[in-house]
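Written out below as structure tokens is the structure these notes cover.
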Amino acid sequence: MNESNPLGTAILFHLGPLALTSTVLTTWGVMLILWLASRLVMRGLHLQPGPWQTAAEGIIETISAVIGELLTPQQARQVLPFVATLWIYLVLANLVGLIPGLHSPTADLSATSALALLVFLSVHWFGIRANGLRAYLRHYLTPTPLLLPFHLISEITRTVALAVRLFGNIMSLEMAALLILWVAGLLAPVPILMLHIVEALVQAYIFGMLALIYIAGGLQSQQLRQQKEAP
């Protein structure tokens, strides 16, 4: 029998002390699909690409071009695996809600919070990796140590906003679709379907773009400081 946790997510069953919710299982399903797709594409690479390899290369080239607009080539190569994985996962996760009986993992605040926390950690990881711990932490004290509390508050608020924005948009999108279908029946399924697809793609793009901007900001803040200190 299904239960509910304090966040209102349905608990399907327990695995020892762990409660597995529909969000967790759907997320695992999305991850499995991405893993299988990547394995199939990698095993079938050829000099003369087929349709699947062409599509995969087109997606990676497009994401790489977007990243290259904000970062240097060396930085772009470091950031590409994380940002590309995040973008592709979000697109698929947002579109899962189109399948009858399933809900998008990103319509759950716990899932979007985990993604936002991952972005938060990645910003500092890339910053420290590129500049060293001391140099990276020093930028929180510039131009004056008095701004340290404001820097810390900004880090927290933008992470919370990242999680709530994605959760709110996907949840409201699914609720609106259900309400309209409940009222109109099958009279307007195609417009609702198209709206869901477009909004899912837009929200995935916004989340991934904000993550990229935050990472780029952490890297470039160090470059600007070093340029000012150079004789």
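The values are calculated or read from the model by the stated rules, or taken from the named source; none is laboratory data. Here the structure is a predicted model, which means the values were calculated and not measured. No Cβ is skipped: glycine too gets one built from the backbone with ideal geometry, and neighbour counts run over all protein chains shown. These accessible areas exclude ligands, DNA and RNA; they are computed on the full protein's heavy atoms, side chains included. Shrake-Rupley method; radii C 1.70, N 1.55, O 1.52, S 1.80 Å.
Based on the mean of other beta carbon atoms within 10 Å per residue, what is the order of 29-36, 210-217, most packed first?
Most protected by this proxy first, the peptides run 210-217, 29-36.
I need the GluC sites (Glu not before Pro) found in the range 36-103, filtered to DSSP loop residues with at most 14 other beta carbons within 10 Å of theirs.
Those satisfying the criteria are 69.
From the Cα gyration tensor of the range 67-170, with a ≥ b ≥ c the square roots of its eigenvalues, which class applies: rounded if a/c is under 1.5, or else prolate if a/b is larger than b/c, or else oblate?
Oblate shape, in that a/c is at least 1.5 and b/c is the bigger or equal ratio.
With a ≥ b ≥ c the root eigenvalues of the C-alpha gyration tensor of the range 37-115, is it rounded (a/c under 1.5), prolate (a/b larger than b/c) or oblate?
In terms of gyration-tensor shape, oblate.
With Rg and the Kirkwood Rh both taken from Cα atoms, where does Rg over Rh land for the chain?
A ratio of 1.03.
Carbon and sulfur atoms: what percent of the 1.4 Å accessible area of the chain do they account for?
73 percent
Give me the percent relative contact order of the chain, please, defined on Cα pairs under 8 angstrom at least 6 residues apart.
Relative contact order for the chain comes out at 22 percent.
Using the crude model of +1 on Lys and Arg Cβ and -1 on Asp and Glu Cβ, and no other charge, please compute the dipole size for the chain relative to its Cα centre, in debye to 20.
680 debye
Helix-only estimate, please: 222 nm mean residue ellipticity of the chain, summing -39500 (n - 2.57) across DSSP H runs of length 4 or more and dividing by its residues, to the nearest 500.
Value at 222 nm, helices only, nearest 500: -26000 deg cm²/dmol.
Could you provide, to the nearest whole Å², the per residue accessible area of the range 2-152 with probe 1.4 Å?
Per residue, the range 2-152 has an accessible area of 63 Å².
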